[in-house]
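Any read-out appearing in this document is the output of simple, stated calculations on the displayed coordinates, not a laboratory observation. This structure is a prediction, so every number in the text was calculated from the model and none was measured. With ideal geometry, Cβ positions are generated from the backbone for all residues, glycine too; neighbour counts draw on all protein chains shown.
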Amino acid sequence: MTTTAPAGTGDVVVLDGLVKRFGDVEVLRGIDLRVRRGEVVCVIGPSGSGKSTLLRCVNLLEEPSGGTVLVRGTDVTDPDCDIDAVRRHVGMVFQSFNLFPHLSVLENCTVAQRKVAKVGKAEAEERARANLARVGLAERADAHPAQLSGGQQQRVAIARALSMEPDLMLFDEPTSALDPELVGDVLAVMRDLADEGMTMLVVTHEMSFARQVADRVVFMDGGVVVEEGPPAQVIGAPRQARTRDFLDRVLNPAAERGQG
Amino acid sequence: MTTTPPPPGRSRSPLLASPRRRAQLFRRVQYVVLVVAVVLLVALSDWGQIRRAFFNTEVAAAQFPDVVTVALANTVLYTVLGFAFGLALGLVLALMRLSSVGPYRWIATLYVEFFRGLPALLVFIAIGNGIPLAFGLSLNRYVVVMLALGLVGAAYISETIRAGIQAVPKGQVEAARSLGMSQTRAMVTIVIPQAFRIILPPLTNELIMLTKDSSLAYLLGSTLLQQELAQFGRQALNQYQSLTPVLVAGLCYLIITVPLGLLVRRLETRTARSR
């Protein structure tokens, strides 16, 4: 390990016994998970299994009800933790893009740099343009989000997150709101990111992406991790019946199934 | 019994006609009523009297230029003062209503219910006449107008702003926070600018209301140079014994409010298109 991160490990995210309740409903029921530096971890599972909640607990968009969440060695569940400082190094990409509609594409990528990281205008724009080029949208810098297709908006959202130069990228079903023909461009950008060594935690329904890009796949159901391991194992040869059942339904949606 | 019955689905009597025929008939009746009303009105009116009362050109000419340079200018000034104060206070109240601190919410709610329920006239009386009497203060006339118009306007404006802030999707705040912005920073940089775009049409309507309410300044009494449109019209009415100055003053209000109304409509179509 070349990093000097505290706790002496290359772990960017460490979840330990993570519990999240909404009222009486326990959505996460004790999750242990590690994401190492440079690793791509894909979280799969049926809707309602708590995947998105898990992701949102990492940058505290949801406040955990129990357990600890270490991000780059900082316990974000500690009330004394400066969560804004942690989030500066953790990019997030949402299912519904959430671009700022009143700002141009370029401004979407500079606003946090300028206002949060206090980067100078010229440098912020240079970084933004570099990241827009990275996602293939350098020529749309002056457009407004409403003028872009869903796939382009999601790529801008990725460039926006990258412009803060994060150590970790969280993806919350980034292609679920896209028309099928636009999914490929977004996945290609994510694949490039993974190839460049970005640490990524990805909640996704794209099994082929998980299979090809992930270092590790985590299958969740009912608020717990059912199975985890290399994609060839979890997706290719699942051990648990629940995993098999889910993959069967996702991979052969039109197939006939037995009752019950 | 040799007549053939009408084919099914068709009837002969107009009252039993098909829905479309009935709608057609109803439309014709409405036109007839309108034409009769207009003809009666024209026939029964005393046009000479109306012309002398409303359209006395000499009296109308005598209103200028003061009706514009003094009265219209004062109306605009009073409105701008009241709107500026109302907007600032309204924003504060809206943020208070959305605060996570209970007492702030209660205070703001009380304020809105209080000032929304009072006639603006009463507020003018309280501030213009009541406060100087009670506290022995002599408030500057412009301050009184600004306070009275602004206090009432703020109640409405704050509700509009609150609705606008709540109309900004939650994902916007989440995206901003996920980039490391604080709650305040996200509010100032991301939410409020979007909220103001959403509420520009209703906010312009508030401005129109304030323009009209500025006429209540007549209550404060004024020198000739302080008169706004309504009072200017009333004073000229007494002076010339003619309705014409009132009509001129009214037209001057329309010079302000009609363009604002058109602006609202344009803003609304623009918002509708961008969604």
Residues of B:184-196, mean number of Cβ from any other protein chain within 10 Å of their own Cβ, rounded to a whole number?
3
Hydrodynamic radius (Kirkwood) for the stretch A:172-237, which is based on Cα pairs only, to one decimal in Å
12.6
Over its Cα atoms, what ratio of radius of gyration to 2.2 N^0.38 Å does the stretch A:78-174 give?
1.04
Cut-off is 10 Å between beta-carbons; in what order do A:Val224, B:Val168 appear when sorted fewest neighbours first?
A:Val224, B:Val168
What's the whole-number percent of alpha carbon pairs in the stretch B:58-157 lying beyond 19 angstrom?
54
Considering only A:Pro166, A:Pro230, A:Pro180, give the residue with the highest GNM mean-square fluctuation for chain A, with springs between Cα atoms whenever their separation is below 10 Å.
A:Pro180
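Taking every pair of Cα atoms in chain A, average 1/r, invert it to obtain the Kirkwood radius, and report Rg/Rh to two decimals. The partial results should precede the final answer.
On the way: Rg = 18.6 Å, Rh = 19.1 Å.
Taking Rg over the Kirkwood Rh, I get 0.97.
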For the stretch B:113-190, alpha-carbon Rg over 2.2 N^0.38 Å
1.65
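Over the whole of A:109-115, what's the average partner chain Cβ count within 10 Å per residue? Rounded to a whole number, please.
Working: counts 0, 0, 6, 10, 2, 1, 10.
Mean number of neighbouring Cβ atoms from other chains: 4.
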Chain A: most fluctuating residue of A:Arg21, A:Arg36, A:Arg160 per GNM, C-alpha cutoff 10 Å:
A:Arg21
Given 20 °C and 1.002 mPa s, compute D for chain B with the Stokes-Einstein relation, Rh being the Kirkwood radius over Cα pairs; round to the nearest whole µm²/s.
92
How much mean residue ellipticity at 222 nm does the protein assembly as shown get from its helices, if each DSSP H run of length 4 or more adds -39500 (n - 2.57) and you divide by all residues, to the nearest 500 deg cm²/dmol?
-17000 deg cm²/dmol
Tell me the angle of helix A:105-115 to the major Cα principal axis of chain A, expressed in degrees between 0 and 90 and rounded to the nearest ten.
80
Along chain A, longest interval not containing exposed GluC sites (Glu not before Pro), exposed being DSSP loop plus at most 13 other Cβ atoms within 10 Å
A:1-195
Mean Cβ count within 10 Å, highest first, over the residues of peptides A:214-222, B:197-205:
A:214-222, B:197-205
Taking the beta-carbon count within 10 Å as an exposure proxy, list A:Lys115, B:Lys170, B:Lys212, A:Lys51 from fewest neighbours to most.
B:Lys170, B:Lys212, A:Lys115, A:Lys51
Taking H as built 1.01 Å from N, whose amide H comes closer than 5 Å to the amide H of A:Val40, not counting residues under 5 places away?
A:Met200, A:Asp215, A:Arg216
Footprinting proxy, B:Tyr78, B:Tyr31, B:Tyr218: sorted fewest to most Cβ within 10 Å, the residues are B:Tyr31, B:Tyr218, B:Tyr78
If I build a Gaussian network model for chain B, linking alpha-carbon pairs within less than 10 angstrom, which residue out of B:Leu44, B:Leu95, B:Leu219 has the largest mean-square fluctuation?
B:Leu44
Step through the residues of the stretch B:214-229 one at a time and calculate ³J(HN,Hα) from phi using the Karplus curve (6.51 cos²θ - 1.76 cosθ + 1.60, θ = phi - 60°), rounding each to whole Hz and writing x for Gly and Pro.
4, 4, 5, 4, 4, 4, 7, x, 6, 6, 4, 7, 9, 5, 9, 4
I'd like the orientation of helix A:121-134 relative to chain A: the angle between its Cα long axis and the longest Cα principal axis, in ° from 0 to 90, rounded to 10.
40
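What whole-number value in cubic angstrom gives the convex hull volume per residue for the C-alpha atoms of the protein assembly as shown?
On the way: hull volume 164.4 nm³, N = 535.
It comes to 307 Å³ per residue, whole-number rounded.
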Give me the one-decimal nm value for the distance between modelled label points at A:Ala146 and B:Gln235, 7 Å along each residue's Cα-to-Cβ direction.
4.7
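If R₀ is 30 angstrom, what is the calculated FRET efficiency for the pair B:Arg105 and B:Val258, using the beta carbon separation as r and rounding to 0.05?
Details: r = 38 Å, r/R0 = 1.27.
The pair B:Arg105/B:Val258 has a calculated efficiency of 0.20.
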Pairing the Cα long axis of helix A:180-195 with the longest principal axis of chain A, what angle in degrees results, from 0 to 90 and rounded to the nearest 10?
80
